[in-house]
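Please read the structure below before turning to the comments.
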Amino acid sequence: MKKLRDWGIKHLKDLEIGNYMINFSGYSIVYSADDHTHLLIFDNEIHIEPETFYFIPPNSSLQVIGKPESAMLLWFTVDLFVDRLEFLTHIKSGIFFRNTLGFGMKNTFMPHNSILKYYYLPTQKGQINKLFARNLLSNFLEFLLIRTLLEIDPKMEGFRNDTYEKEIANKLILVLHQETNFSFKMEYYANKLNITKRTLDNAIKSVYGCTTKRFVNAKAVQRAKKLLRGTDIPIKIISMNIGFSEESNFSNFFKKNTGSSPRQYREQALNQATDLKAQDVKASDLLNPIQKQPL
């Protein structure tokens, strides 16, 4: 039995899973690229045509038949979108992962060589730092899932939700925006909305596919990231702004939800900004013609 970490993208041949079963608790997508790809899912043989994305639901037993050369496996958990929880409703309630044997969609929106160049190669070990690789993969997955949704339902009418639960979720978001810091006791927000904690949990679960606690945590992480990368406010002050009286508690919370400490995240964000500025300077040098000296 092969075990996969929380997220990643690899060629199937590099995973060496031909004689092994994968039973991943998260979501996975097989991209067949140039190959005719054959899988066993719960002992059912699945044939995937070239240039197809095949969406496989959580906890599926997967085995590859044969040795595809260019096919890839993408895998992730919902934690990859911890700061984009609004998008989770499409993953949780969308058609991608409903069928226990998977769901296929032809790739009509990005050439194989572009996927290799812009998403596969940069995310491989040692090419870029882990945080940048994580963001790159989540951006690609979001693009892929939205484009697939639009292929199936151009108006995305299947995801319009004007229910009572949506109204509660919107009210919670408004409270989170209005409050100067976060409370990590969900009863506080239930009381603010004059509803029971159970009603609040059910509403957030229905709309976003996660608990209220995870939703609030994600919003807190989102605000912390914005302050860390966009300001030079001391981390101790940021921790109080988020709702922590002790900086060490904030650091533990942030690292648990992102994999990096606040200090590491700020340093990585600064390094990325510096690298991008350097690339912009090089690009502008190439675009500006060499000025000839007057004779």
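Residues of the stretch 48-71 that are of a type in the set (A, V, I, L, M, F, W, C), closer than 17 Å to Phe24 by Cβ and in a strand (DSSP E or B): Phe53, Phe55, Ile56, Leu62, Val64. Please give the number of the condition Phe81 fails out of (1) within 28 Å of Asn217 (Cβ to Cβ); (2) modelled with pLDDT of 85 or more. Phe81 satisfies all of (1) within 28 Å of Asn217 (Cβ to Cβ); (2) modelled with pLDDT of 85 or more except (2). Under the condition of being over 24 Å from Tyr208 (Cβ atoms) and loosely packed, with under 13 Cβ neighbours inside 10 Å, the residues counted in the stretch 218-232 number 3.
Residues are listed down the side, and each one gets a yes or a no for (1) in contact with a Ser or Thr (Cβ under 9 Å, 6 or more places away or on another chain); (2) not hydrophobic (A, V, I, L, M, F, W, C):
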position: Ala33; (1), (2): yes, no
position: Glu45; (1), (2): no, yes
position: Pro57; (1), (2): yes, yes
position: Ser60; (1), (2): yes, yes
position: Lys67; (1), (2): no, yes
position: Asp79; (1), (2): no, yes
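Summed over the stretch 7-39, residues that are in a loop (DSSP other than H, G, I, E, B) and either at pLDDT 85 or above or in contact with a His (Cβ under 9 Å, 6 or more places away or on another chain) (or both) total 6. Cβ-Cβ distances below 7 Å connect the following pairs, each with a first residue in the stretch 246-263 that is under 18 Å from Asn135 (Cβ atoms) and assigned by TED's automatic domain parsing to the domain that holds Lys236, a second residue that is part of a loop (DSSP other than H, G, I, E, B) and of a type in the set (S, T, N, Q), and a separation of six or more residues or different chains: Phe254/Ser261; Lys255/Ser261.
Name the residue that is surrounded by the fewest Cβ atoms within 10 Å (Cβ to Cβ), counting only residues in the stretch 132-151 that are more than 13 Å from the chain's Cα centre (by Cα) and within 14 Å of Phe55 (Cβ to Cβ). Here the residue is Glu151.
Number of residues in the stretch 231-260 that are more than 23 Å from Val78 (Cβ to Cβ) and polar (S, T, N, Q) equals 7.
Only one entry of Asn139, Asn113, Asn194 meets the criterion of being out of contact with any Leu (no Cβ under 6 Å at 6 or more places or on another chain), in the same structural domain as Ser206 (by TED's automatic domain parsing) and either modelled with pLDDT of 85 or more or not aromatic (Phe, Trp, Tyr) (or both), and that entry is Asn194. Just to be sure I understand the filter: pairs with C-beta atoms under 6 Å, separated by 6 or more residues or on different chains, first member in the stretch 41-53 and at pLDDT 95 or above, second member surrounded by fewer than 16 Cβ atoms within 10 Å (Cβ to Cβ) and among the basic types (Lys, Arg). Which pairs pass? Cβ pairs passing all conditions: Thr52/Lys106. Tell me whether the stretch 155-168 contains one or more residues that are of a type outside the set (Lys, Arg), modelled with pLDDT of 85 or more and surrounded by 14 or more Cβ atoms within 10 Å (Cβ to Cβ). There is at least one residue in the stretch 155-168 that is of a type outside the set (Lys, Arg), modelled with pLDDT of 85 or more and surrounded by 14 or more Cβ atoms within 10 Å (Cβ to Cβ). Consider Asn181 carefully, then state whether it is touching a residue at least 40 places away in the same chain (Cβ under 8 Å) and either within 20 Å of the chain's Cα centre (by Cα) or surrounded by 17 or more Cβ atoms within 10 Å (Cβ to Cβ) (or both). No. Here Thr180 meets each of (1) outside any helix (DSSP H, G or I); (2) under 18 Å from Leu131 (Cα atoms) with one exception, condition (2).
The values are calculated or read from the model by the stated rules, or taken from the named source; none is laboratory data. What you see is a predicted model; the values in this text were computed from it and never measured. Counting neighbours? That spans all protein chains shown, and the Cβs are built from the backbone with ideal geometry, glycine included.
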